[in-house]
Each structure stands twice: as structure tokens, then as C-alpha cells.
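The values are calculated or read from the model by the stated rules, or taken from the named source; none is laboratory data. Quantities reported herein were computed from a predicted structural model and do not represent experimental measurements. Cβ placement follows ideal geometry from the backbone for every residue including glycine, while neighbour counts extend to all protein chains displayed. When the accessible area is computed, the model is the full protein with side chains, heavy atoms only, and any ligands, DNA or RNA have been set aside. Shrake-Rupley method; radii C 1.70, N 1.55, O 1.52, S 1.80 Å.
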Amino acid sequence: MSNNLKPIFITLLFLLIGFKPVQSQSIVGEWENYTSILDFRDIIQNQNYILGATSGGLVKFDLDEKKFNIYGLKDGLSKIDLNSLKIDKNGKLWICSGAPVGEINIWDIENEEVIKVFDQNVWDENLTSFSSIDFYQNKAFAACQWNMDWGIFEFDCTDEYHYKDFYFNFPVNITNINSVKIINDSLWLCTNSGLFVTNPDRNDLKAPEAWNLISGSQSKIVSDIIDFNGQIITNLNSKLYRIHKLKSDEYNSTFNFDIYNLATSDELGLLIATNKGIFSILDNTIKNNLKGNFTNVISNDNGFIGIKYKKGLFHFDGQNENNYIPNSMLSNINTALCIDNENRLITASNEGFSTLTSNGWKNIVKGNFVNITSDVNNNYNYFIADTIDYNVSSRVFSLLQRHNGDLLASLYGSTIQNGEKGGILKFNPDNLENYETFDTTNGAIGTTDGYYLTPEIMKMDSHNNIWIAIHETMNKRPISILTKDNEWEHFSIDESNGHLSTIPTTIAFDNMGRVWIGGETSSGSIISKGGIAVLDYNNTLSDKTDDEWYYISTSDGLANPNVYSLVFDDNNILWIMTSEGIQKAEISANFPNTYFSLIDDKPFFSNLSFSKECVIKVDGRNNKWITTANSGGVKVYTNDDTWLNNYVGFTTENSGLLSNDVLDIVFFESDGRVVLSTTKGISVYKSPYANTGKKFKELKIFPMPFIIPSNQPLVIDGLLPQSEVKIITLNGSFVKHLNTKNETVNGVQAFWDGRDSDNNLVSSGVYLCMVFSKNGESTVGKIAVIHK
């Protein structure tokens, strides 16, 4: 058979013997990210498409096909929380990223790849943010925040892009540079401290006297500046001004709005994006073309395109408007996560709930969002949402699902004034008709002052009862329970013999049916003792005569009375988070005479900060995942009693984590994916800790067929823990042994490079993978190889 026919023959054989082509899936160790791209910060037009800088990456919108494409970390961007865009004379796109780490990426638009990154490797430390950029001849000037200071960074664009210098000295202290513009060979800085101008050819830009402060602009907020019909127009606070010879005079006395951005249009004149809409001024006539809070506008051959806050792109052709919102989750800041009964990720933010389906994101927004309804066509190229009526001002503290499919969310900081709905929200994401809220009606939960509701952590016990911790209730009933029969039970501080805290923070259940309730201390107008209250209610929630309460304090081994998270692992070891760090404790067999048979006397991570928003979560393989406060990342204590990465765990420095501020964690137990909600979006880690059970299921082998030589290995997914794999030919000849010792097995996945035990690439053909677990289970998979 000729070499040209071999791939065709193998492919036909591959199909005839029952293979199903498998596309590439996630590999152990890989990271994937999901971000909200609703917050556009800047837009520019290039040919027939719009490029947008958003809080979740670079967005490209095709004006002809009306389709969005999104680019992020997987596409080579070093940061994805973006502030501004500008195309240089070479046709390359400069992308400025925002806090907490400011960087500049230079993007090749045609090849859709990053060709240069300016970051801490260039200037030896992290900058805070880049806000704007413009070009003059072979120079680029970018506005930068460096800690609390603002200034300008200069780059040379002559041959190869490189950083040149920085300028941070001005006639007055600058707070926030909103825009950098080159107009008439002058460099203009629009700041919250006034309008500055200089000659970009000067060699003394480090000197304060090199910069001129425009008369009348000092201490004024200047958002933008533009050349309009030969006149330089800017804003000083909410008024429009004309700039001439370093002086300002009012351009239009009737205009008085919060101004964000200026543009020009041949047909419409001067365009102004404001908090009240997009206005145009032509021949001294002011027209409000679109109403709403618009943060940016650019002219277009057919009218203009504006950014409405969190409402996407608006295209106005002079008469008609069209709104285009990309498919996205609602927010990057999701304070609670849930994996529902359909194995879908559901996120909760102050703006609503987002469900990740196989096609994209589907959202539920809270009632104060207007003019958003269901997309009946379910076009997942665009934003899809429905609306239900509730309110929350602080955060959704917990999100969990009952066995019947109902989701419950604790709305911390909600009110019941003037008919508003708050407290505990119950809804079915696939059928919103019967949603409801639980508040003070019938005594469901208490309030802090009669109308302000503060439910925090919720936990479901083994009987399908929902236990809810309420912060500082007037009725001094800090624990409410929604029973499996949808009845309400409560526990007051008096009923606990004073052991419950006024500020309960965490709830856990041990294997004896006892409830452990942690608390936070307070010595202000509300007294809270903190520590741990333990309740044994003898499986009779409604009968309190047989309840037994116990109190655990620092005298019993707690490192601190401020207890933020409690959880029991699979070995019934209690993990305790206090303000002093992490402790683990073994419950005494002689409880309650002795509470702990063993408790760490020196907590782990006593050098880090923790708060009641931090959590300890246990995955299906008994690994402990711990979030921290103040950008500490996530710490992981593995099931083999090791602190992952030598106590460091995962941070943005050693992983694909979007931010070191982690808000919540949930697990896709069956395939080992760990979902971490951060302040910059959702990060998903493919861990080696899948809970595959005790029996092999069907192996997932990809890519299939396996074409070698290849830079990426073949992946055999679905192994049981500590499995080994032998690759053999169809006639039984040994090819390769894969195991943890030679680092070709990691958790539930094995990796084969297409080589035999002598490191030679194998021939085209069909091979068998024989998989054996340590407990004697085995299974077989088939591999089709094409050796080109």
C-alpha cells in the first residue's frame, strides 16, 4: 500500500470498527476562563467591524454578519480586564488593561495574535492601570496609574516597539487621566484635575514646566477633547468649552450633563456621550439622538455607534437604532456558585443569575433592570435574559439547589420596603413562573430594623432541610430552617442558652447529626460572642425539649473566637477557619465531655487575612480548598496530607486563575473540574481529582484519530485513581507503559506521545489501551493512529 493511501485506509478502518471521533477536551492541569463582556470601556472601528475593550476581553463585532467574536487569555492576551484601544500607523492594535495590573498588548489584527507585551518584565514592577493611548509620528503616549500616581509612558514605534520613558511631574497633582489625545501636533491630557497640553517633541517632559495647565480648567473633570471643524472642543465638568491659546471659553451655554466622550460626524456634527444619552450639536442645534447612560460614541459611515452601560452596542443611522449585546454572563463578580441537578454551572451576582448551558449563557436579572426580556429565538450569539422581581444591595451569600430542582439564594442586604421583595429567593431557572421570596411574612426570617434583611450562609442537611444564618436579627433568632416539608423552624439565642452568636457566619453537620454553628464577635451596639455553638436536636426539629447545646471557645483550642468557616471532611475531621488561620480538629469519642481529641495548636496561614466571606470547601476526593482575603489566592490541602504547591496553592502567578481574590468554589465531581469565582470572572481548573467511582465507565480518548508526530499527547480520560495503562498492538505486542512513576498518568488521565518504549514513533494502525486500577478493575479502549 502506498504511503498516500495509508491515512485513508486507517480512517476507513477507524470508522468501520466502531470508533466515534472525539474532539479535544480539557486536559488535567489546564485552565479555562469565563468573563462578562457586557461592560464595554472603549470601541473603535476598523474596516467593517467594531473592536471593543471590555471587562472580560477583546470583542470583535462584524457589522455585516452581526456576529461577535471574543478574545481572551487563551488567544494570547496577557490581561483581559481592558480599558482602551488604539490602532497605530502600522495597523497594529494597542490594548490597555486596567487595575490591579496595568499592561499593554500589541495585537496583530490580521493574524489575531499578540506580538508584543509591555509588562513588569519591562519596568521591573507591576503598574496599576493603563487608561488611554494615542500616537504621534513614531511615538506612543499612554496614560498610566502607578500605585496612587498618574503619568504618561512613552514608547518608540520606529522599528521594533520598545518602552522609552515615563513622565510623572506636572504643575499640579493629577488624579485620574481619562484620555490622551494628539491634536494639531500637541499632546493633550484630560484629567480629573484639569486639562494639560505640551509639545510631544520636547526633551524635557519630566519637568513640570513642560506641561501647560489650560486656564479655567484647574480642578475640573475633563473627560475628552476633540478637533471639531477646526476648533478644539472639550468638557470642563458638565459644560462644553472651546480651547484657544491656552484659554477656555464656553462653547454652548445650554448643555449641562455628565460628559464621557466626544466624537464628530459629517452628518450629525459634534457627538457627545453623556449620562442622559448621545447628543449631537450641529449649527448650534442640540439633539438627543438616543436616551440612556452612554459612556462612549464613535462616528460611523451610517450614523454612529455608542456604548450604553452594560447594554452593549447601539447603532444609530440617523433614524433607526439597533442594539447588539454579546452573549455573556451578567457580571465578573459572582459571590455564590452552584452546580445544579442538570450538571450546569449557575452563578449569582448582585445583578442576577447566569446559567452556563451547552450553547452559551442564559441569564435571570433582578427586577430593577428594565427593558430586558427573554430572547424567544434563543440566539446564543447574543445576550439572553429574563427578569424576575427581587432586590439585593450587598451580595448573594449562598446559592443551593434542592432535590426538586428549586434554587434558593440568600439575598444579603435586601429590603421589604414599599412592596420590594427580598430575603430568601426561591426559583426554578427553567420555569420562573412560580418564583417566590421568603421574608418576615409568617415569621420566616428576621430583620435588622424591620425591613432590612441579612440572610447569609445557607446549608442543606442530609434530610433536605435548609439551615440559614441570619445576621443581627431584631428578634434574636439568628438561625432559621426551611424544612423539607416547606415549614419554618427557628432557634433563638435564648433557646441556645446564650451559645448562639448574634452574627452567625457558618454552618456544618457532623456524622452524628449535630449542627455546628460558627460566629463572629462584635462589641458595638450589637453584642456577639463568636466561637462555635453545637446543637444536638435529636432529629426532632419541632420539639425543642430534647435539644442539647454546647459552646466551644478559645479555652477549648480555638485560635480565635471569630469563626468564619466550618466544614467536615470525608473522615469527619473538622476544618476551622478563624481570623487567625486554619485549624483541623478530631471530634472526641467522649463528646461532649471532651470536645476534641486533637486540635492544631498552631493554625496554618496565620500570616494571611480571612473574613466571613471566605470559605473552606471539600471536593469529592476529600481535598480541601480554602479561599483567603486580601488577594491570597486559594490554598489546597490534598487527600494525601500535602499543601499543594508547597503551601502556595493557586495564584495568578502560578496558574490560570483570573484574580487572587476568590469568592466561591464548586466542583464538577465527575470530571474533576474546579470552578473558582474571582473578582475578574470565573476560572475553571481541570484537576486530577475527578470522582470516577469504583468502576470504570467508558473511556474518553482524544484526539481521535491520533495524528503523529504531534506537539500534543493523546489523552485517555476516565481512569480510576492510581491506574496504569499498557498500550499494545492488536496482536498483543507491548508498545508502552503509562503510569504515575514516569509521569504519563495524572489523576484520571493518561498521556501518550505516540512513541513505543524505545522512544520511536509507532506505525499507523489501531492499538489497544489496557487500563488497570489498583483495586483490580480493568477496561480496554481503542486508539487509531495515523503516522504521517
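Within the straight-line cut-off of under 12 Å between alpha carbons, the aspartates and glutamates reachable from K421 are D389, E436, D439, sequence neighbours fewer than 8 places apart in one chain being disregarded. The amide H of K116, built 1.01 Å from its N in the peptide plane, has I106 as neighbours under 5 Å, considering only residues 5 or more places off or on other chains. Comparing L85, T285, T295 along the charge dipole axis of the chain, the residue lying farthest to the positive side is L85, per the Cβ-charge model.
Residues K741, K484, K362 ordered from highest to lowest accessible area at a 1.4 Å probe: K741, K484, K362. Charge dipole of the stretch 417-481 (Cα centre as origin; +1 on each Lys and Arg Cβ, -1 on each Asp and Glu Cβ, all else neutral): 220 debye, rounded to the nearest 20.
The largest accessible area among I87, I109 belongs to the first residue in I87, I109, and the rest follow in falling order (1.4 Å probe, all chains). Our coupling estimate for the stretch 259-270, obtained by passing each phi through the Karplus curve with A = 6.51, B = -1.76, C = 1.60 and θ = phi - 60°, is 9, 10, 7, 10, 8, 10, 9, 4, 8, 9, x, 7 Hz, Gly and Pro reported as x. Solvent-accessible area of L73, all protein chains in place: 60 Å² (probe radius 1.4 Å, heavy atoms, ligands and nucleic acids excluded). Full extension of the chain between K206 and S553 gives 119.0 nm of extra length, using 0.36 nm per residue less the Cα-Cα distance.
The alpha-carbon of K116 sits under 21 angstrom from the alpha-carbons of these lysines, leaving out residues fewer than 8 places away in its chain: K60, K74, K79, K86, K89, K92, K139, K164. Dividing the summed helix terms, -39500 (n - 2.57) for each DSSP H run of n ≥ 4, by the number of residues in the chain produces a 222 nm estimate of -500 deg cm²/dmol to the nearest 500. Altogether, the Stokes-Einstein calculation at 25 °C and 0.890 mPa s, with the Kirkwood radius of the chain over Cα pairs as Rh, returns a diffusion coefficient of 82 µm²/s. For the pair T357 and Q25, a Förster radius of 22 Å applied to the C-beta separation gives a FRET efficiency near 0.80, rounded to the nearest 0.05.
Against the compact-protein benchmark of 2.2 N^0.38 Å, the Cα-based radius of gyration of the stretch 309-370 scales to 1.36. Listed by chain and number, the lysines whose C-alpha is less than 24 Å from the C-alpha of K602, apart from same-chain residues fewer than 8 away, are K529, K584, K612, K617, K624, K635.
Take the Cα of T441, step 7 Å toward its Cβ, do the same at N229, and the gap between the two points is 5.9 nm. Computed in the context of the full set of protein chains, the accessible area of the chain at 1.4 Å probe radius has 43% of its extent on carbon or sulfur. Under the rule a/c < 1.5 gives rounded, and otherwise a/b versus b/c splits prolate from oblate, where does the stretch 412-525 land using the Cα gyration tensor? The shape class here is oblate.
Karplus-based coupling profile of the stretch 83-90, in residue order and whole Hz: 10, 8, 9, 6, 9, 8, 5, 8, with θ = phi - 60° in 6.51 cos²θ - 1.76 cosθ + 1.60 and x standing for Gly or Pro.
On a per residue basis, the chain carries 43 Å² of accessible surface, using protein heavy atoms and a 1.4 Å probe. Ignoring the sites themselves, the chain has its longest run without GluC sites (Glu not before Pro) in a DSSP loop having at most 12 other Cβ atoms within 10 Å at 161-341.
When the alpha-carbon atoms of the stretch 172-261 are used, the pair Rg, Dmax equals 12.4, 41 angstrom. The order of D758, D543, D156, D461 by accessible area, most exposed first and with a 1.4 Å probe, is D758, D543, D156, D461. Of the chymotrypsin sites (Phe, Trp or Tyr not before Pro) in the stretch 267-314, not one is in a loop by DSSP (not H, G, I, E or B) with at most 14 other beta carbons within 10 Å.
For Y136 and K74, the difference between the fully extended length at 0.36 nm per residue and the C-alpha to C-alpha distance is 19.1 nm. For the stretch 31-181, take the convex hull of the Cα atoms, compute a quarter of its surface area, and give me that in nm², please. Projected over every direction and averaged, the Cα hull of the stretch 31-181 covers 9.5 nm².
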